[in-house]
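Engineer: One structure, as structure tokens, below. Some questions next.
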């Protein structure tokens, strides 16, 4: 007889003594997440298409592009990154995190209470733990049962940022559209 557990617990690599439990992927949960994020996914796709069309319209072999095109590319990059950071990543955490154990949150008066839920993590939790859990949800949502058994969290999770705007009025074409397509491709649990 096989016993299936619909959750998996990880020890935090960022905060020793903290653990978090994730819900595993199921067909119903996949459909639920797809439906809940369809608007976000559509907006990401539209931004990516807009960026691709702009990059394709640039002259072949151009080393530098016009300041207005550079500004538009930077604006699209910021929009994509913001949509992922402010909407899609919290959606992943809400969808995949069941609970957190071993983490207390202290208020301004010195009172502490356990931080245990996705909403509490999103609102008041440490950004490093949020990034770690978001990365774990994204990874675990596409793994098989055997892969999950052997899964070890990386020790460092980076928070994706838009980067700084160029100081000059021109943008190097080779840097112009490097992250939009890759970022969007990593957003689906399917």
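The values are calculated or read from the model by the stated rules, or taken from the named source; none is laboratory data. The shown structure was predicted, so the numbers you read here are calculated from the model rather than taken from an experiment. A quick note on method: Cβ atoms are made from the backbone with ideal geometry, for glycine too, and the neighbour counts reach across all protein chains shown.
Engineer: Between 103, 55, which is touching a strand residue (DSSP E or B) at 6+ places or on another chain (Cβ under 8 Å) and touching a residue at least 40 places away in the same chain (Cβ under 8 Å)? Don't jump to the end; show me each part of the working.
Structural biologist: Values: 55 fails: touching a strand residue (DSSP E or B) at 6+ places or on another chain (Cβ under 8 Å).
103 is the lone residue from the list that is touching a strand residue (DSSP E or B) at 6+ places or on another chain (Cβ under 8 Å) and touching a residue at least 40 places away in the same chain (Cβ under 8 Å).
Engineer: Could you go through the range 63-78 and let me know if any residue there is more than 30 Å from residue 17 (Cα to Cα) and exposed (fewer than 12 other Cβ atoms within 10 Å of the Cβ).
Structural biologist: Initially, the range 63-78 is screened for residues more than 30 Å from residue 17 (Cα to Cα), giving 63-78.
Within this subset, residues satisfying the condition of being exposed (fewer than 12 other Cβ atoms within 10 Å of the Cβ) are 63, 68.
Among the residues of the range 63-78, at least one is more than 30 Å from residue 17 (Cα to Cα) and exposed (fewer than 12 other Cβ atoms within 10 Å of the Cβ), which makes the answer yes.
Engineer: Look at residue 1 and say whether it is assigned to a loop (DSSP other than H, G, I, E, B), under 19 Å from the mean Cα position of the chain (by Cα) and modelled with pLDDT under 95.
Structural biologist: It is false that residue 1 is assigned to a loop (DSSP other than H, G, I, E, B), under 19 Å from the mean Cα position of the chain (by Cα) and modelled with pLDDT under 95.
Engineer: Can I ask one more? Could you list, in sequence order, all residues of the range 115-129 that are surrounded by 19 or more Cβ atoms within 10 Å (Cβ to Cβ) and under 18 Å from the mean Cα position of the chain (by Cα)?
Structural biologist: Result: 118, 121, 125, 129.
Engineer: Any residue in the range 23-32 that is touching a strand residue (DSSP E or B) at 6+ places or on another chain (Cβ under 6 Å) and either assigned to a helix (DSSP H, G or I) or within 29 Å of residue 82 (Cβ to Cβ) (or both)?
Structural biologist: Looking through the range 23-32, at least one residue is touching a strand residue (DSSP E or B) at 6+ places or on another chain (Cβ under 6 Å) and either assigned to a helix (DSSP H, G or I) or within 29 Å of residue 82 (Cβ to Cβ) (or both).
Engineer: Identify the single condition in (1) part of a helix (DSSP H, G or I); (2) under 30 Å from residue 134 (Cα atoms) that residue 70 does not satisfy, given that it satisfies every other one.
Structural biologist: So the condition that residue 70 fails would be (2).
Engineer: Take the conditions within 29 Å of residue 28 (Cβ to Cβ), more than 21 Å from the chain's Cα centre (by Cα) and at pLDDT 90 or above and apply them to residue 85. Does it pass? Walk me through it before giving the result.
Structural biologist: Working: within 29 Å of residue 28 (Cβ to Cβ): yes; more than 21 Å from the chain's Cα centre (by Cα): no; at pLDDT 90 or above: yes.
Answer is no for this residue.
Engineer: Additional query: Looking at (1) at pLDDT 85 or above; (2) more than 30 Å from residue 123 (Cβ to Cβ), find the lone condition where residue 64 falls short.
Structural biologist: Residue 64 satisfies all of (1) at pLDDT 85 or above; (2) more than 30 Å from residue 123 (Cβ to Cβ) except (1).
Engineer: Being touching a residue at least 40 places away in the same chain (Cβ under 8 Å), in a loop (DSSP other than H, G, I, E, B) and loosely packed, with under 12 Cβ neighbours inside 10 Å is the filter here, so list the residues in the range 5-22 that pass it.
Structural biologist: 17
Engineer: Return the residues of the range 92-114 that are out of contact with any helix residue (DSSP H, G or I) (no Cβ under 6 Å at 6 or more places or on another chain), buried (at least 19 other Cβ atoms within 10 Å of the Cβ) and within 21 Å of residue 139 (Cα to Cα); say none if nothing qualifies. Quick ask: steps written out before the conclusion?
Structural biologist: So in the range 92-114, the residues out of contact with any helix residue (DSSP H, G or I) (no Cβ under 6 Å at 6 or more places or on another chain) come out as 98-104, 106-114.
Next cut, buried (at least 19 other Cβ atoms within 10 Å of the Cβ) only: 100, 103.
Of everything in the range 92-114, just one residue is out of contact with any helix residue (DSSP H, G or I) (no Cβ under 6 Å at 6 or more places or on another chain), buried (at least 19 other Cβ atoms within 10 Å of the Cβ) and within 21 Å of residue 139 (Cα to Cα), namely 100.
Engineer: If you scan the range 33-47, which residues turn out to be surrounded by 15 or more Cβ atoms within 10 Å (Cβ to Cβ), under 16 Å from the mean Cα position of the chain (by Cα) and assigned to a helix (DSSP H, G or I)?
Structural biologist: First, the residues of the range 33-47 that are surrounded by 15 or more Cβ atoms within 10 Å (Cβ to Cβ): 33, 37, 40-41, 43-44, 47.
Restricting the remaining residues to those that are under 16 Å from the mean Cα position of the chain (by Cα) gives 33, 37, 40-41, 43-44.
Hits for the range 33-47 are 33, 40, 41, 43, 44.
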